[in-house]
Amino acid sequence: MVAARVDPPWDPAAWRAAARAALRAGVAPERIDWNGGDQGSLLGGADLQTLAAVRDAPRVPAEFLALADAAVCHRDGDRHGLLYRILWRLAEGERSLLQRASDPDVHRARTLAQAVRRDAHKMKAFVRFRAVPGADEEYVAWFEPGHWIVDRVAPFFARRFAGMRWAIVTPYRTALWDGEALAFAPGGSRGDAPAEDAREDLWRTYYAHIFNPARLNPTMMRSEMPQKYWKLLPEAALLPDLMREAGVRVREMAEREHAAPRRKIPVAPAPAPVVDGSLEALRESARDCRRCPLWQPATQTVFGEGPADARTMIVGEQPGDEEDLSGRPFVGPAGRLFSRALDELGIDRRTLYLTNAVKHFRFEPRGKRRLHRRPDVAHITACNGWLQAEIAHVRPERIVCLGASAARAVFGPGVRLTEERGIWRTREDGVRAFATVHPSWVLRQGDPSAQAAAYAGFVDDLRQLVTA
């Protein structure tokens, strides 16, 4: 027998490394002890890492890699051996093995993978963050997963809640996000997370008002929201009363006099930019902006961020998906590429004032995704008062416009980015500025060599800030 070690046992990369070594050494599935790796084989066999390779590792279908990545997170103690047995059979010539749904090994692996995916879905749906008392914008959540899924699901929360610092504590593993990088620590207990926070009373009030008794289906509800998760949900305490009163409320709804629906959302008056006062007062004023229709589908106004006396102001196009959710500019993929360019040039991002020409996210729903749409001239014009007020408050020495929309907002119509890229111009207020491409344009270059060239040009444009 040969001892194989997968450490940690839920890590797909660790399993792949062990499986590849066994496959190259020509070790048949029945000769591997996958459970004796930590202390050597229970049957006294050799360690897998000491075996010499006798053949190259064959290519396997991408479908198998996706199947293995999910199934290895299951709590089933035989999953490593099961997956290696499938891999061995694929390498030995059963190339269509995964298409045979009735095969016992394939059926079992798919069952494990499906259970892991279902558990991951429940974690995304039922994790509830609570504010840490006395801490500034720090949140902790407690969750009890059925399988080893924390490493698999944590990147989802890092993308979804990029703008806050949080921890998800589980009995075996803790995921930590500091706003920049994801880390992991040993597990904890339910007491490590706050029992509740001040926002939960507001949420319970909202939930009680939107609860529709006419659509109550307890069987379906318990299927989609199993009762083992109820202890994590603030609204769970309301469910018994809401379900008990559902019949009465439905009758009241049926007997209520018909009222014509309100076809239009009332539009609040558009606040005027605050020129006098602090930058914080301007930010608060922009929070309720209704100057264009973009406020309706967006999550929130994404205002500028940075020192009130910054010497350099960066103006982008508009918030993206992550910015819209977090309320902070330049935290999405384009923002991270921009930060990477600044690091290469030795420019401290914290010294810059970062903002956008348009303060709300314009997007097109596509299934569960929200696809970016370029803002119209009308949106740029409506939002320009906020940008000009920011410039008046910060009084930067120089401005960098990222993209054509930002250049139009800063210089006015008639600016051609392709002709004036990287060329300094002086505004009427005496502030010097130049325009370059938006980092999202760099990311859209599909060919790796084209993307590398686009990034190098982008960095060269920003280098003018160093020489300035």
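The values are calculated or read from the model by the stated rules, or taken from the named source; none is laboratory data. As the structure is a prediction and not an experimental result, all values here were calculated from the model. Heads up, the Cβs are rebuilt from the backbone with ideal geometry, glycines too, and the neighbour counts pull from every protein chain shown. The protein model used for the area step is the full one, side chains on, heavy atoms only, and it has no ligands, DNA or RNA in it. Shrake-Rupley method; radii C 1.70, N 1.55, O 1.52, S 1.80 Å.
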**Request:** Could you pull the accessible area for E317 with a 1.4 Å probe, rounded to 10 Å²?
**Result:** 20
**Message:** Please list, in order along the range 296-311, the HN-Hα scalar couplings obtained from phi with the Karplus expression 6.51 cos²θ - 1.76 cosθ + 1.60 (θ = phi - 60°), rounded to whole Hz, x for Gly and Pro.
**Reply:** 5, x, 6, 6, 6, 6, 10, 8, x, 8, x, x, 6, 10, 4, 7
**Prompt:** Hey, got the dipole for the chain? About the Cα centre, +1 on K and R Cβ, -1 on D and E Cβ, debye to the nearest 20?
**Reply:** 1340
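Assigning unit charges at the beta carbon (Lys, Arg +1; Asp, Glu -1) and nothing else, what dipole magnitude in debye, to the nearest 20, does the range 143-248 show about its Cα centre? Numbers along the way, then the final one.
Values: 13 positive and 13 negative charges, 65 e Å.
So the dipole magnitude of the range 143-248 works out to roughly 320 debye.
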**Request:** Once you have a ≥ b ≥ c as the square roots of the Cα gyration tensor eigenvalues for the range 177-263, tell me rounded if a/c is under 1.5, and otherwise prolate or oblate according to whether a/b is larger than b/c.
**Result:** prolate
**Fill in**
Computed for the range 293-431: size of charge dipole around the Cα centre, +1 on C-beta of each Lys and Arg, -1 on C-beta of each Asp and Glu, debye to nearest 20, value 380
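Give the shape of the range 270-371 as rounded, prolate or oblate, defined through the alpha-carbon gyration tensor: a ≥ b ≥ c are the square roots of its eigenvalues, a/c under 1.5 means rounded, and otherwise the shape is prolate if a/b is larger than b/c and oblate if not.
Because a/c hits 1.5 or more and a/b fails to exceed b/c, the range 270-371 counts as oblate.
May I ask you to work out the translational diffusion coefficient for the range 119-220 at 20 °C, viscosity 1.002 mPa s, via Stokes-Einstein with Rh from the Kirkwood sum over Cα pairs, reported in whole µm²/s? Don't jump to the answer; show the numbers that get you there.
Numbers: Rh = 14.9 Å.
Once the numbers are plugged in, D ends up at 144 µm²/s.
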**Asked** Using modelled backbone amide H atoms (1.01 Å from N, in-plane), which distant-in-sequence or interchain residues come within less than 5 Å of R173's amide H?
**Response** G187, G188
**Prompt:** How big is the antiparallel share of DSSP beta bridges in the chain, given as a percent to the nearest 5?
**Reply:** 45
**Complete:** For the chain, the charge dipole (Cβ of Lys, Arg +1; Cβ of Asp, Glu -1; about the Cα centre) points to a positive end, and the Cα of S278, T467, H80 closest to that extreme belongs to H80
**Fill in**
the range 75-172: spread of alpha-carbon positions along the three principal axes, whole Å, largest first, is 61, 23, 18
**Complete:** Along the dipole axis of the chain (charges at Cβ: +1 for Lys and Arg, -1 for Asp and Glu; origin at the Cα centre), the most positive-end residue among I314, W295, A195 is W295
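Taking N as the number of residues in the range 408-454, what value does Rg over Cα atoms divided by 2.2 N^0.38 Å take? Write down the numbers at each step before the final one.
Numbers: Rg = 13.4 Å, N = 47, 2.2 N^0.38 = 9.5 Å.
Compared with the compact-globule rule of thumb, the range 408-454 sits at 1.41.
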**Complete:** Eigenvalues of the alpha-carbon gyration tensor of the range 21-151, times 5 and square-rooted, give semi-axes in Å, largest first, of 35, 20, 13
**Message:** Once each part is reduced to its C-alpha centroid, what is the distance from the range 150-179 to the range 183-205 in angstrom?
**Reply:** 13
**Fill in**
Using the Cα gyration tensor of the range 320-441, the equivalent ellipsoid's semi-axes, largest first and to the nearest Å, work out to 23, 18, 14
**Prompt:** So what's the gap between the Cα centers of the range 85-134 and the range 273-349, to the nearest angstrom?
**Reply:** 40
**Message:** For V2, what residues show an amide H to amide H distance below 5 Å, using hydrogens built from the backbone and excluding near sequence neighbours?
**Reply:** I32, D33
**Fill in**
Stokes-Einstein D for the range 428-468 (20 °C, 1.002 mPa s, Kirkwood Rh from Cα pairs), in µm²/s, comes to 187
**Request:** Give the Rg (one decimal place) followed by the Dmax (whole number) of the chain, computed from C-alpha coordinates and expressed in Å.
**Result:** 27.9, 83
**Request:** Determine the per residue accessible area of the chain with all protein chains present and a 1.4 angstrom probe, expressed in square angstrom.
**Result:** 53
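Once you have a ≥ b ≥ c as the square roots of the Cα gyration tensor eigenvalues for the range 64-115, tell me rounded if a/c is under 1.5, and otherwise prolate or oblate according to whether a/b is larger than b/c. If you can, show how the numbers build up before the last one.
Working: a/c = 1.87, a/b = 1.52, b/c = 1.24.
Cα axes put the range 64-115 in the prolate bin.
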**Asked** In square angstrom, rounded to the nearest 10, how much accessible surface does H121 have for a 1.4 Å probe?
**Response** 100
